[in-house]
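The values are calculated or read from the model by the stated rules, or taken from the named source; none is laboratory data. Keep in mind that this is a model prediction, so the values were computed, not measured. Cβ placement follows ideal geometry from the backbone for every residue including glycine, while neighbour counts extend to all protein chains displayed. Note: areas computed on protein heavy atoms with side chains; ligands, DNA, RNA excluded. Shrake-Rupley method; radii C 1.70, N 1.55, O 1.52, S 1.80 Å.
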Amino acid sequence: MKRIHFFLIILFIVLKGMAQDATTYQVPPKDILDLVTAPPTPAVMFTQKADWMLLLQRNPFLEIADLAQPELKIGGIRINPKAYAQSRVPFIISIKLKNSKSGSEYSISGIPANPKISFVRFSPSEKKASFVHQGEDGNQLWVIDLSSRVATRWSKATINSTLGNPYAWIDDETILAKTVRKSSMPPTINPIPSGPTIQETEGVAAPAATYQDLLKNSDDAKQFEFYCNSDLEKISKNTNQPIATNRIISSLDLSPDNRYLLLSMVKRPFSFLVPYYRFASQVEVLDLNGKSIRVLVDNPIDEVRPKGFDATSKNPRGFQWRDDQPSTVTWIQALDGGDPKKTMSERDALLQLEAPFSGNPATLYKSGLRLRTISWCDQQMAIAEEGMFGTRQTVIKKFNPLIPALKADTLFDFSSDDAYKDPGNLVMTKNDYKRSVVLTDQYKSKIYTISQGASEDGNMPYLASYDFKSKKQDILWRCLAPYYENPIQVVDILAGTFITSRESLTDQPNYFLRNYKGLNPTALTNFPNPQPQLEGVKKEKIQYTRADGIKLTALLYTPKGYDKIKDGPLPVMMWAYPREFKSASDAAQVRGSKYMFTRVSSGSPLFWVLRGYAVMDQTEMPIVGVGNAEPNDTYVQQLVQNAEAAVNKVVELGVGDRNRIGIGGHSYGAFMTANLLAHCDLFKAGIARSGAYNRTLTPFGFQNEERSYWEAPDVYNNMSPFMHADKINEPLLLIHGEADNNSGTFPIQSERLYNAIKGNGGTARLVMLPYESHGYAAKENILHTLYEMDTWLENNVKYPGSKSKKPKS
């Protein structure tokens, strides 16, 4: 008996070793490793006149030790309790100053050692810049004098950045900041509960998304209240002046004339069902000495909302100052109770209240669709954007705030799916209050827009004027092949100067000062190619048609020196992310640009072009529902049609080997991948990162599906690859962050799909990344992910073994 018992123990150990690999971190092959660890190109912040710029160098990775630090997941956010800051922040590690005219670069002295920088801001005059550094004692406020190029710490107070923007400039000598309360102590948390956690509903429908990191019990509520609580102080170089204390401030905003402060605050009762921004709240106006002028609203907890993506709160929302007035606060009130299903001629109202904030608010504007944004210009002009997701309609109107009864003038009316008709974003400028307002010509007869310029030739961005009288756009400047050049900031519209970011297939993105009146561009930066390994890789935008006539595109990459006649078809790595449309013509539009520079990020599939694969990236997977049909009613059929068309095209080109094609995606792309393996035999293997596979676990809608599970159970079941796990008979690599915080993509989604495939005799591998969220951040986890993907593709796509398959039904 002892010998048999010993034999069983040895057998168990052997079988366990066969089923589960060693869990030490691995790194990918050197060509992938060198590519992913290349330093990132600095981000750039320009002054309004573009005479100076800040070059901000980010750390491309966190370390696993950073993610392993204590972290609170409460109220829908993640907090570093030691720093009183949100965790997982991608820090800036270097700041340099550059003069645009001379091209001279300057280092900043006084920057703290081992900088962990965030929240970089220019002062109102742009003679100074500020930032928050996360030091050993918490968040510190630092200011750079741009003339002396010296950074100094302002105040020894610790900045609280758990919720929203932690500070704002008042003037060049004073900053308003949220600070950690000095006299408070963290709550004592007893690991032994005092009783159960109880929730109760009493017949009121409260559909909610599958939010993560919510409060779970009273201890969570205590910690949220403690760590998000702050004092408000005016801080100068050597002094601090308290303004308000003991507030959970979700946003702060100074009036344009710097006389008043608009505070949005979270208060009890909190919720176990929704994130902090739907807890009970209060919006209050204070003066800069902390005196309360008026409480504008005291909103109850916002747990119960109507169903649908166009649903909103019945409470007043969107409080902000008018950027064109000294001290006038505005907000939006739903006229339909927040319910998009109600038939209403007017859905939202825009209200305002001027200083001294007495009396009743005035109604400035009423929208027929859901009011999204207001862009202010001056006393007689503002631009409103309205829209409804359900119909995809977007309308942009000009109205007169001085005469609310005057009918608004429609400037643009288009579908949000129609990239060709998208007029672009309004060009903004700074007014005398140093606030962003709509840029107009000197006669107030024109506004300006920057558009991606989508067309049948791909995106060709442009700068345009729009004439109110003729209601026509006049393109002032448009990028030309072989460049993708995008206007990012207008410097002087009368002089015609603006800044662009320009790139091409061979040119790394750099910034240029341009003039639409015809002068030659001036290079402002000269960043080198950070990934020269990709030089010589061929990139082309291919077009093809799926069975029902919808035109599709993809970016096809082939290895340097590849000759399809001499080298023959290659193994293929196809990467995609589905998107829903309500129009077949909109789905068929060309998106993206064939002239963009190829820069590989850690989540990209392009690494494998260096490993001898053809890579199809941004492979279009449109799901279309015309008229009363919803896109997801025929999700699986359309998904397979998309995949068939893509596979046929790459094979027809002579580039792809039909018997060696892999499919992959992240998030909704992972969901797509599992579905394709379940419903077709086009692919040799799949890679699914951080997906959701059982839609019954997201019963009140997902992605762009508005119907609940109980309204469309067949749609939810048919779209769930978990329900078809017995038909997944190609190898599937599942990767998921153990701390995924994305709505719906709970880690259990990958765990349960893996178990389902295993239980049905399929081939799968499950990799759970310690401490990772929905997007991967730690260097160790990122490198290991690339190792897993490379090994999977080599073993199952490039050099596949022969395995029998069950037919798909």
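Can you tell me the alpha carbon radius of gyration of the stretch 671-809 divided by the globular rule-of-thumb value 2.2 N^0.38 Å?
This ratio for the stretch 671-809 stands at 1.06.
Considering lysine pairs in the stretch 99-226 that are 8 or more places apart or on different chains, how many have Cα atoms under 29 Å apart?
Final tally of qualifying lysine pairs is 20.
Gap in Å between the Cα centre of the stretch 136-214 and the Cα centre of the stretch 706-742?
Value for the Cα centre distance between the two parts: 36 Å.
Treat the chain as a sphere of radius equal to its Kirkwood radius over Cα pairs and apply Stokes-Einstein at 37 °C in a medium of 0.692 mPa s; give the translational diffusion coefficient in µm²/s, rounded to a whole number.
112
So, with a 1.4 angstrom probe, what is the percent of accessible area on the chain that is carbon and sulfur?
Summing carbon and sulfur atoms, their accessible area is 51 percent of the total for the chain.
Given only helices, namely DSSP H runs of n ≥ 4 each adding -39500 (n - 2.57), what is the per-residue ellipticity at 222 nm of the chain, to the nearest 500 deg cm²/dmol?
Rounded to the nearest 500, the figure is -4000 deg cm²/dmol.
Just to be sure I understand the model, the point goes 7 Å from the Cα along the line to the Cβ. What's the resulting Asn99 to Glu354 distance in nm?
Distance between label points: 4.6 nm.
Working from the pairwise distances between different alpha carbons, so that the mean of 1/r is found and then inverted, what is the stretch 561-702's Kirkwood radius in Å?
The Cα-based Kirkwood calculation yields 16.2 Å.
Mind listing P(r) for the stretch 326-383? All alpha-carbon pairs, 5 Å bins, whole percents.
Bins of 5 Å from zero give 4, 17, 26, 22, 16, 10, 4, 1 percent of pairs.
Taking the alpha carbon gyration tensor of the stretch 593-635, what are the square roots of 5 times its eigenvalues, largest first, to the nearest whole Å?
32, 13, 9
Taking a cut-off of 12 Å, what percent of all Cα-Cα pairs in the stretch 473-524 are separated by more than that?
Taking all Cα-Cα pairs of the stretch 473-524, the fraction more than 12 Å apart is 63 percent.
Mind giving me the nanometre distance, one decimal, between the label points for Ile475 and Val626, set 7 Å out from Cα along Cα→Cβ?
Here the answer is 2.9 nm between the modelled labels.
Step through the residues of the stretch 595-609 one at a time and calculate ³J(HN,Hα) from phi using the Karplus curve (6.51 cos²θ - 1.76 cosθ + 1.60, θ = phi - 60°), rounding each to whole Hz and writing x for Gly and Pro.
Taking θ as phi minus 60°, the curve returns 9, 6, 5, 8, 10, 8, 9, 5, x, 7, x, 6, 3, 7, 6 Hz for the stretch 595-609.
Expressed as a rounded percentage, what relative contact order does the stretch 78-118 have, with Cα pairs under 8 Å and six or more residues apart?
35
Would you mind checking which residues have amide H under 5 Å from Gly701's amide H? H placed 1.01 Å from N; only 5 or more apart, or other chain.
Here the answer is Tyr709, since their amide H atoms fall under 5 Å of that of Gly701.
Counting heavy atoms of the protein chains only and a 1.4 Å probe, report the per residue accessible area for the stretch 249-292 as a whole number of Å².
36
Mind checking the full-extension length gain between Asp257 and Asp34? Use 0.36 nm per residue of separation minus the Cα-Cα distance, one decimal, nm.
Extra length available between Asp257 and Asp34 comes to 75.1 nm.
With a Förster radius of 22 Å, plug the Cβ-Cβ distance of Asp298 and Ala209 into 1/(1 + (r/R0)^6) and report the FRET value to the nearest 0.05.
Here the calculated transfer efficiency is 0.30.
On full extension of the chain, what length is gained from Tyr106 through Ala43, given 0.36 nm per residue of separation minus the C-alpha to C-alpha distance?
That pair, Tyr106 and Ala43, stretches by 21.1 nm at full extension.
Using 1/(1 + (r/R0)^6) with R0 = 56 angstrom and r between the beta carbons of Thr391 and Asn246, what's the FRET efficiency to the nearest 0.05?
Working from the Cβ atoms, E equals 0.80.
What length, rounded to one decimal in nm, is gained on full extension from Ser194 through to Glu738, with 0.36 nm per residue of separation minus their alpha-carbon distance?
Answer, rounded to one decimal: 193.0 nm.
Ignoring ligands and nucleic acids, what accessible area does Met185 show with a 1.4 Å probe (Å², nearest 10)?
150
Taking every pair of alpha-carbon atoms in the stretch 432-574, give the share separated by more than 18 Å as a whole percent.
68
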